[in-house]
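Laboratory data are not the source of any read-out in this text; all were calculated from the coordinates shown. Owing to the predicted nature of the structure, the values given are computational and were not obtained by experimental measurement. Neighbour counts run over all protein chains shown; Cβ positions are idealised from the backbone, glycine included.
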Amino acid sequence: MPVPVPRQRAIPAAESGQAHAESLPGAPAAPGPAARSKTPAETLTLLVIEDDPAGSPIVPEMLDTAGRPIRLRTARNLTEAGRLLTDDVHCILLDLALPAPGRAAAEDDELAVLRHVLQLAPRHAVLALTASCDAERGAEAVRVGAQDYLFRDELDGRLLSRAIRYAVERKRSETAERRLTESRLRAQENSRLERGLLPNPLLDGSSLRFAARYRPGRSRALLGGDFYDTVRTPDGTVHAMIGDVCGHGPDEAALGVELRIAWRALTLAGLCGDELLSTLQQVLEHERGNDEIFATLCTVDIAPDSRRAGLCLAGHPSPLIARPDRPAELLPYDNNGPALGLLRHARWPRLQVELGPVWSLMLYTDGLIEGRVGEGRERLGQEGMLELVRRRLADGLTGEELLRTTVNEVRDLNGGELADDVAVVLLDRGR
């Protein structure tokens, strides 16, 4: 038979924190000074689970840090405990000698009752109650999941009050630490996933140099609605693409990845220009969440001799080209077709452009040109970006350094992080 918890005098309901109103549904409580200064939810509640043959539910008088009595509930078995275990219970005092349900022999697992309670109340603090001669069992209870253990014959009001406060705070700390760890693991998993979805250019055999810069608009994200890719087909043609799904949330990022993968597959299959964009529009129409979603796109196919290219624009800003014998400029965009997803039977003409023997071609999304300039409403725009890149080229910047400096300066002009996703791709043909 379990040793009963030490008993003291019977405490009136109001003194034990259980106002008379608790037994009279709908009746207002008569709050004392402490109750008026604190809401009832801030008063600690203890659920005692122990098999007491005397039937007395009273444990030593306990006060919280504000001097208020700690409210008490008692249960003589786990079935009764399940009914009393509500969200306003902060801590459970469990007698380890209580038999566990469904166990033929308690000696099979001395802590079976504790394991059952931990499963029953995963969010509550638990104090294990054991005999003073069984300290090892109490320590094992803490290793299993209890916040602390107490000895029956050493129990008094002050000790129990302090143990309850400690157990509650320790449980809160453990819960916060667990949630932080879970959040970090989810963030790491998301980062690995997003990093794996970023493209690796397929340029084996090409003399062109490749650089890219990507900055998603979403906080703590690696991937946004912007997307890009570059591949070289067996005939020696280098195909480059950059696009932007309207919006910059996770759904837009997923759609951007689908469009990029589809573009690569279609390009390697031999599609180009209007035929490729028409097929991509079908992919977009089938995969988008609603009919209002669209995507802009710029594709460039550079001939094997790298001196000329075909350009298709689907509602997207025209690329910038820099050559040593003239200032950087935008490629023609008079035949710019509509964005993908806007017109069912749209067409996208392919424009032939001369690149020359030495050049740098920069493809970008509108996040680079829509940042503000200063504190007013003025936007950087294509002309502002063009002037900025010209200055950086004059400083001798190229490749990754040119892109990094350009994006950072655009962000500084905006007065902080850009709201939209930014993607920039740079292809260079040297002497």
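Couple of notes before you dig in:
- For the range 167-174, putting each phi into the Karplus relation 6.51 cos²θ - 1.76 cosθ + 1.60 with θ = phi - 60° gives couplings of 4, 4, 5, 5, 5, 4, 5, 4 Hz, in residue order, rounded to whole numbers and with x for Gly and Pro.
- Near THR86: Cβ cut-off under 12 Å, other residues only, Lys/Arg at +1 and Asp/Glu at -1. The net charge is +2.
- Distant-in-sequence amide H partners of TRP359 (H built 1.01 Å from N, under 5 Å): ARG429
- Karplus 3J(HN,Hα) series, Hz, for the range 201-208 with 6.51 cos²θ - 1.76 cosθ + 1.60 (x for Gly, Pro): x, 9, 10, 4, x, 9, 8, 6
- Extents of the range 318-393, largest first, come to 41, 40, 15 Å (Cα atoms, principal axes, whole angstrom).
- Taking Cβ atoms as reference points and 14 Å as the exclusive limit, the residues near GLU409 contribute a net charge of +3, counting Lys and Arg as +1 and Asp and Glu as -1.
- The range 116-175 and the range 360-431 have Cα centres lying 60 Å from one another.
- Backbone amide hydrogens, once placed in the peptide plane, bring ALA125 within less than 5 Å of ILE92, excluding anything fewer than 5 places away on its chain.
- For the range 340-355, 3J(HN,Hα) computed residue by residue from phi via the Karplus equation (6.51, -1.76, 1.60; θ = phi - 60°) reads 5, x, 9, 10, 4, 10, 6, 10, 10, x, 9, 9, 8, 10, 8, 9 Hz, glycine and proline entered as x.
- For the range 198-429: rounded, prolate or oblate by the Cα gyration tensor [a/c cutoff 1.5]: oblate
- Against the empirical 2.2 N^0.38 Å (N residues), the range 215-273 has a Cα radius of gyration ratio of 1.25.
- For ASP366, net neighbour charge (Lys/Arg +1, Asp/Glu -1) across residues whose Cβ lies under 11 Å away: -4
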